[in-house]
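Undergrad: Take a look at this one; I'll ask things after.
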Amino acid sequence: MIKSIRSKLFIGLAVVILFFVAFSIFLNNNYLESYYLNQKMDLLDSTAEIIDKQYRGAPEDILLALEGAESTASLNVIILDSHLQAKYLSLPRRNLSQRSDLSQAMIAERYVELQRYGSFNLITHDLRLNAEFMNLVYLLNNHDILVLSTPLAAIQANAAVANRFFLFTGVITLLLGGMVAFLFAARFTQPILEMNRIAQNMTRLDFSQKVEVNSQDELGQLSNSLNSLSEQLHRSISELQAANARLQEEVERERQIDEMRREFISNVSHELKTPLSLIQGYAEGLKLNVAEDENSKNFYCDVIMDESSKMDKLVRELLELSQLESGGFTLDKEEFDLAGLLQLVINKFEPLLSEKGIDPVLQWSPSLPVNADITRTEQVLMNYINNALNHIDEAKQLSIEVEPRGSKLRVTVFNSGSQIPAEALPRLFTSFYKVDKARTRAYGGTGLGLAVVRAIMELDQNLYGMENRPGGVAFWFEIDTA
């Protein structure tokens, strides 16, 4: 089973705390009593030095210091003269000879050592009390002898109490240390868990969240590095996605261009196939003298000329569209009156309008100054009106309207008739596209008129389009005002 870093950290800290608590208990049990003994020896030495500084031969003169040593430091004080006779006893009811633990003979045996070193320590046993004492025999400045004693039982009792207390505090320390270790492990690993969560989000390409940096230590540096990595990955993946999208667009555009190229070749072949077949058939008929009378020959020649004219028109429109779409063609823009141009175009269509019995509705201001290529604008108007006349129905409604649109004028040509299907709208201004191919062939259309309009308007950087209206269809384009 895989343990989490929080569990490992908690166990490690708990083991460290347990080790130091156990090690401290070991030290107390084995060395605390010795430490107490050393401290007591130091206390005896310091007390002896204080008494020695104040003592001048009369214990009564330093009685306050002697009583302080007895009560505060819990010491038994004895002062002997150079003949080892008692001059001062802490316990006046007892004389020195009554103590079996420390005698004049014992001091006399080590008197030479006392004179050489100034003091010596020894441990004695009191038979009456059945207790051991730590003694300091100290040579005072006037050669009197100071004896300081303290019972070892008190030291041992204090050490035992201290050991029991430390054992108790060690258990409490272990429990509290365990709780602190658990909280510390949880707090320490929280940023790591947060970084892991955000790293998991990064694997799912979610770069919206960032690690909150609350420190400047290694974890803070790691958080900054992870945030920086997230930003760089986000930027790189976004660039890759954008590049991929552009590549897909390029592939799709190439596919569309290739499809349009195949469709263009197919449409051109289809448009040329019929007139070429007719020309070939009628020419062979003339060669074989199928038409014997003059009228038949003239009919054959008229068909050949008519089909040749259609092919010539198709080729000229293809060349014109190619020139407009090549990018090298520029419009010759100038200021002119659009109202006059509209009237001129209507006058050109007057015979055809009269023949079809159409009374157009014209709606524009007397003066419409614009800035555009007059020849190409006329061509757009001619194609729109010609397209409207070819698709007008029995209602014979035709209207031309000009309305302002900010810095533009919008010219709209409406004709009554069938509405254009929604699926045909995106391809309406494409070369050779015909909604009704049979009807288009009947009036001799090539399917290039609206494509020429698209090329001119895109070159002029103006809007164009169409919309289905109740009872008919409206084609429009915009032109810059002067």
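No lab work stands behind these numbers, since they all come straight from the coordinates. Predicted model only: the values in this text are computed from it and were never measured. Virtual Cβ from ideal backbone geometry, glycine too; neighbours counted across all protein chains shown.
Undergrad: Which distance in nm do the two modelled labels at SER34 and LEU331 give, with both placed 7 Å along the Cα-to-Cβ direction?
TA: It works out to 10.8 nm between the two label points.
Undergrad: Quick one: Cα convex hull volume of region 330-480, Å³ per residue? Could the numbers behind the result be given before it?
TA: Values: hull volume 17.3 nm³, N = 151.
Looking at region 330-480, the number lands at 115 Å³ per residue.
Undergrad: Identify all aspartates and glutamates with a Cα-Cα distance to LYS53 below 19 Å; exclude those on the same chain that are fewer than 8 residues away in sequence.
TA: Within the straight-line cut-off, LYS53 pairs with ASP42, ASP45, ASP61, GLU67, GLU70, ASP81, ASP144.
Undergrad: Sticking with this structure for a sec: Check the straight Cα-Cα distances from LYS333 and name the aspartates and glutamates below 12 Å, setting aside those fewer than 8 residues away within the same chain.
TA: ASP373, ASP460, ASP480
Undergrad: Return the calculated 222 nm mean residue ellipticity for the chain, to the nearest 500 deg cm²/dmol, obtained by summing -39500 (n - 2.57) across DSSP H runs with n ≥ 4 and dividing by the residue count. Before the final figure, lay out each step's value.
TA: Values: 12 runs with 282 residues, N = 482.
Result for the chain, helices only: -20500 deg cm²/dmol.
Undergrad: Residue separation times 0.36 nm, minus the C-alpha to C-alpha distance between PHE299 and ALA482: what's the value? All intermediate terms of the calculation are to be shown ahead of the outcome.
TA: Numbers: separation 183, 0.36 × 183 = 65.88 nm, distance 5.15 nm.
Net length gain for the segment: 60.7 nm.
Undergrad: Something else about it: Taking a 30 Å limit on the Cα-Cα distance, which of the listed pairs LYS356/LYS408; LYS348/LYS408; LYS40/LYS87; LYS273/LYS348; LYS297/LYS396 fall beyond it?
TA: Values: LYS356/LYS408 33 Å; LYS348/LYS408 26 Å; LYS40/LYS87 25 Å; LYS273/LYS348 32 Å; LYS297/LYS396 38 Å.
Table pairs above 30 Å Cα-Cα are LYS356/LYS408; LYS273/LYS348; LYS297/LYS396.
Undergrad: Modelling each spin label as a point 7 Å along the Cα-to-Cβ direction, I'd like the PHE120/ASP359 distance in nm, to one decimal.
TA: The modelled label-to-label distance comes out at 15.5 nm.
Undergrad: Would you mind putting 172-183, 235-246 in packing order, based on average other-beta-carbon counts within 10 Å, highest first?
TA: Values: 172-183: 14.2, 235-246: 10.5.
Highest mean packing first, the order is 172-183, 235-246.
Undergrad: From Cα pairs below 8 angstrom and at least 6 apart in sequence, can you work out the relative contact order of region 5-163, rounded to a whole percent? Provide the component values of the computation, followed by the final result.
TA: Values: 180 pairs, mean separation 35.5, N = 159.
Once normalised by length, the contact order is 22 percent.
Undergrad: How much net charge surrounds TYR282 when only the other residues with a Cβ under 13 Å from the Cβ of TYR282 are counted, with Lys and Arg +1 and Asp and Glu -1?
TA: -2
Undergrad: For a quick check: with amide H placed at 1.01 Å from N, whose amide H comes under 5 Å from LEU463's, ignoring anything fewer than 5 positions away on the same chain?
TA: GLU478
Undergrad: Still on this model: Leaving out same-chain residues fewer than 8 places away, which lysines sit with a Cα under 18 Å from that of LYS210?
TA: The qualifying lysines are none; the list is empty.
Undergrad: Would you mind getting me the FRET efficiency between HIS143 and GLU70? Use the beta-carbon distance for r and R0 = 25 Å, nearest 0.05.
TA: Details: r = 23 Å, r/R0 = 0.92.
Taking R0 as 25 Å, the efficiency between HIS143 and GLU70 is 0.60.
Undergrad: Identify, among ASN386, PRO59, SER238, the residue whose Cα sits farthest towards the positive end of the charge dipole of the chain, taking +1 on the Cβ of Lys and Arg and -1 on the Cβ of Asp and Glu, with the dipole about the Cα centre.
TA: It is PRO59, whose Cα lies furthest towards the positive end.
Undergrad: A further question on this structure: If a helix is a whole DSSP H run, which ones in the chain reach 30 Å or further along their own axis (Cα) and hold a mean Kyte-Doolittle hydropathy of at least -1.0? Walk me through the numbers on the way to the answer.
TA: Working: long enough: 5-54 (66 Å, 0.57); 152-203 (72 Å, 0.97); 218-287 (100 Å, -0.72); 294-325 (46 Å, -0.57).
For the chain, where a helix must reach 30 Å along its axis and average at least -1.0, the hits are 5-54, 152-203, 218-287, 294-325.
Undergrad: State, as an integer percentage, the relative contact order of region 330-480 based on alpha-carbon contacts under 8 Å between residues 6 or more apart.
TA: Numbers: 233 pairs, mean separation 36.7, N = 151.
Averaging sequence separation for qualifying contacts and normalising by length gives 24 percent for region 330-480.
Undergrad: While we're on this one: Applying 1/(1 + (r/R0)^6) with R0 = 22 Å to the Cβ-Cβ distance of THR203 and SER7, what FRET efficiency is obtained, to the nearest 0.05? Could you put the intermediate results ahead of the total?
TA: Details: r = 25 Å, r/R0 = 1.12.
So, using R0 = 22 Å, E works out to roughly 0.35.
Undergrad: A further question follows. How far apart, in nanometres, would the label points at ARG110 and LYS273 be if each is projected 7 angstrom from Cα along the Cα-to-Cβ direction?
TA: Output for this residue pair reads 13.7 nm.
Undergrad: Another question, then. Between VAL171 and LEU27, what is 0.36 nm times their sequence separation minus the Cα-Cα distance? Round to one decimal in nm. Write down the numbers at each step before the final one.
TA: Working: separation 144, 0.36 × 144 = 51.84 nm, distance 1.58 nm.
So the extension gain works out to 50.3 nm.
Undergrad: Could I ask something else about it? Taking every alpha carbon pair in the chain, what does the distance histogram look like in 10 angstrom bins from 0, in percent?
TA: Per 10 Å bin, starting at 0, the Cα pair percentages come out as 3, 12, 12, 9, 7, 6, 6, 6, 5, 4, 4, 4, 6, 8, 5, 3, 1, 0, 0.
Undergrad: May I pose another question? Once the other residues with Cβ under 14 Å from the Cβ of GLU335 are scored (Lys, Arg +1; Asp, Glu -1), what is the net sum? Mind dumping the intermediate values first?
TA: Numbers: positive: LYS333; negative: ASP332, GLU334, ASP337, ASP373, ASP480.
After counting each charged neighbour, the total is -4.
Undergrad: Could you give the length gained by full extension between ALA157 and ALA58, i.e. 0.36 nm per residue of separation minus their alpha carbon distance, to one decimal place?
TA: Details: separation 99, 0.36 × 99 = 35.64 nm, distance 3.57 nm.
My answer for the length gained is 32.1 nm.
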